[in-house]
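All remarks here apply to the structure that follows.
What follows is calculated from the coordinates using simple rules that are stated; it is not laboratory data. Note that the structure is predicted; figures quoted are calculated from it, not measured. Virtual Cβ from ideal backbone geometry, glycine too; neighbours counted across all protein chains shown.
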Amino acid sequence: MIGQENEAASNPLSERLDELRAIVLIHRWLIGIFAAAVLALTLVGSLLATKQYRGTLKLHISPVTGLEVQVQEVMDQSLNYTRNTRQFYRTQMEIMASAPVLEEVARRFEAAYGAGTMTAGRVGQVIDITPVQASELMEVSATLPDPEQAAALANLLAKSYSDHNLDARRDASREARVWLQEQLVDAERRIIEGNQRLLAYQTGQGLGDVEETVTALSSSSQSLSRVTGETTTERVLLETNVAAHRRMLANGQVVELAKDLATPELATLVAAYGEAVAEASHLAARYGERMPERRDADARVNALLESMRQVASKNVAAEEIRLTTLREKEKSLGTALDLTKEQLLERQARIGGYESLRLDLERARALFEALSERNDELDLASRTQLNNVRIIEEARPSDDPVAPNLMLNLAVALISGLVGGFGLAVLRTQLDDTIRSPLDIATFLRVPYLGMVPALDGVEDPAERALYTHRHPKSSGAEAIRAIRTLLELNPSGKGLRRLLVTSAVASEGKTETSVRLAVSFANLGRRVLLIDGDLRKPRLHRIFGVEKEPGVSDIVERGVFDAAIRGTPIPNVDLMCAGTMIDRPNELLASSAMAARLDELGRRYDLILIDTPPSQVLSDALLVSRVVDGVVLVVRNQAVSRQIVRDTVRRLQQVGAPLLGVVVNAVLSGRGGRYSYYGYGYGYGYGYGYGAHYGAEEEDPKSKASGSA
């Protein structure tokens, strides 16, 4: 079970939910009483409240209706309708709830009913304006004690808003029209001045026909550029041919030059030269060099070659003359082209100023036309009766009141009461964080709850309190100890208890008394019990039984003295071992292997060894001894110790692996009727046994404080 508790504690959310659930259970009466009080007050207030009636009408407000005379604005509104709808309707709601509209509504209402109480502020309090989702409709409601006046007030608000909206449109159109007329006069003046400047500039610069002059110059420039380009190309080709022909002529390549020039005369000479060469070659094969036939043939070849050279020279000379002519033509064309470009640039520079003045004039004319069109629209708008507000359904008096809504008020009151009660419960839990109920132990400490022990009112002597259950076996305290003993015997670990350790978080919580009472209870079962005082710093068991504290635990550990250290008690089957001689380092003695060996030896003599140890919050004695026992019982005094301190003690025990069996709550105060009030939990132990006045001293004044515990 301890492992399960630790696992649950490792989940912060689960732990927090359990704590809240425990707060609700512990303070359920506080929460219930607070919620009931809130419900009762709400019920009375609702029944006594004045009934209120509501009148509701529906308005249709369109962003574009009423703008029919303004075509462009209608188009713009249509395009931006989806984007601006929310902003538009929010604006209309603010206008509807504005001071001028509310003041007009109050004035009209007073004129109709003369109540003398309706003001603009009052109207703003009783009206409600709500847009209808996914539509262009709005619901306007007014809530008043009189249903007829409520409906009338809603209708007056809609009518006043509609009139205000129409007046605002007309006023805006009139004001805009006045401004536009001023702008029209200014635009007309700018047109006249622009015309005058343009004519003066055109006359001064000699720009009679601007467009025709520029077109002629551009055409002439383009023509000259084309002819100049063609002449330059022809001149470059001719220069190349002349240079090549000169080289051929100089190198004696007469035949090749004649073929390249390809004139008819040269073509005839080339053909005759070819025939003469062929005939000379034929005769050379038949005759010798001195033969007349051969000399005649050679002379003819030479004559034809000389004729080709002379003709070719003339043609080359003609090409050079033509080249000179082309160069002169190219130069003159370039000069004419440069002059034309200069004239065109000069004219264009003049035209730039002309165009600037012309554009200013055109802009002035366009502005004048736009202003004139808008002025006509505003003239119509200032006289229009069109409105974008239309009443779809007027408000009518209602017979059913809307307030107070009893069921809704009670539901809200119930929720508020529960939340407020829970808040008070949390506050009370924070202000008082002591252990007050089994839920505190199960929720905040997360360890098993073993039971509670009633306080003994009026019993002052420590020995009498510790031995009370032995001397009063029929008392409620004895019944409580027997119930705790039963849970210890049936501990979830399944291990039989042979060594049991009792400790507390701090001093004065009653651990020593509880140790004695548990020893008595186990001895009543016929078991042999050894009660050991493990508090070597402030021992108390020797005072309770009225014996010497020496020899004891320290003596048997250091010297092995058993018989002298074990004493009998007035309680059958219960022996006592006191603390023994005081030593300097008791925790080292308790942690020694000799201590474990002595406990093993004592375990063979007794059925149960019950060890009373010091508080565990600041001392480690109980933590050291917890390693050699079968179970640990933590005693907590009721409403005395902070939960945080007890929680830290539990965690210290769990960190060292102590077998913590649970918590016993001590000194629970008794309430009326002999029952014990444990933070809303009543406990009684009579069960009809017929013991008579078995409560004994517990039946005294329940308000008396429990005495301090050992």
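Please work out the Cα convex hull volume for segment 435-699 and give it in Å³ per residue.
Working: hull volume 31.8 nm³, N = 265.
Per residue, the Cα convex hull of segment 435-699 comes to 120 Å³.
Multiply the residue gap between residue 125 and residue 182 by 0.36 nm, knock off their C-alpha separation, and tell me the result in nm, one decimal place.
Gain on stretching residue 125 to residue 182: 16.0 nm.
Please give the Cα centre distance for segment 636-660 versus segment 278-349, rounded to the nearest Å.
131
Step through the residues of segment 245-258 one at a time and calculate ³J(HN,Hα) from phi using the Karplus curve (6.51 cos²θ - 1.76 cosθ + 1.60, θ = phi - 60°), rounding each to whole Hz and writing x for Gly and Pro.
Using θ = phi - 60°, the values come out as 5, 5, 5, 4, 5, 5, 8, x, 8, 5, 4, 4, 5, 5 Hz.
Which of rounded, prolate or oblate describes segment 102-173 when judged by the alpha-carbon gyration tensor and an a/c cut-off of 1.5? Before the final figure, lay out each step's value.
Numbers: a/c = 2.40, a/b = 1.24, b/c = 1.94.
Judged from the Cα gyration tensor, segment 102-173 comes out oblate (a/c at least 1.5, b/c at or above a/b).
Pull out the extension gain between residue 298 and residue 281, defined as 0.36 nm times the separation in residues minus the alpha carbon to alpha carbon distance; nm, one decimal.
Full extension of this stretch gives 5.2 nm more.
Assuming R0 = 41 Å, what is the FRET efficiency of residue 139 and residue 21, from their Cβ-Cβ distance, to the nearest 0.05?
On the way: r = 44 Å, r/R0 = 1.08.
So, using R0 = 41 Å, E works out to roughly 0.40.
Among 441, 544, which comes first, second and so on when ranked by fewest other beta-carbon atoms within 10 Å?
Fewest-to-most ranking of 441, 544: 544, 441.
Which cross-chain or sequence-distant (5 or more) residues have an amide H under 5 Å from the amide H of residue 532, H modelled 1.01 Å from N in plane?
Amide H neighbours of residue 532, under 5 Å, 5+ apart: 577, 610, 611, 612.
Rounded if a/c is under 1.5, else prolate if a/b is larger than b/c, else oblate: which is segment 237-286, with a ≥ b ≥ c the root eigenvalues of its Cα gyration tensor?
Note, shape of segment 237-286 comes out oblate.
Mind scanning 259/329; 511/549; 511/538 and naming the pairs with a C-alpha gap bigger than 20 Å?
On the way: 259/329 29 Å; 511/549 18 Å; 511/538 13 Å.
Distance filter (> 20 Å) returns 259/329.
Ranked highest first by the average count of other Cβ atoms within 10 Å around their residues, in what order do 412-418, 190-196 fall?
Working: 412-418: 16.6, 190-196: 14.7.
Top of the packing list down: 412-418, 190-196.
Pull up all non-local amide H partners of residue 435: gap of 5 or more, or a different chain, and H-to-H distance under 5 Å with H placed in the peptide plane.
Result for residue 435 returns 639, 640, 641, 643.
Find how much the distance from residue 419 to residue 260 grows on full extension, using 0.36 nm per residue of separation minus their present alpha carbon separation; answer in nm with one decimal.
That works out to 45.2 nm of additional length.
Could you tally the net charge around residue 223, taking each other residue with its Cβ under 14 Å from the Cβ of residue 223, Lys/Arg +1 and Asp/Glu -1?
In short, +1.
In the calculated pair distance distribution of segment 210-381, what percentage of Cα-Cα distances lie above 29 Å?
On the way: 8702 of 14706 pairs.
Looking at segment 210-381, the distances longer than 29 Å represent 59 percent of pairs.
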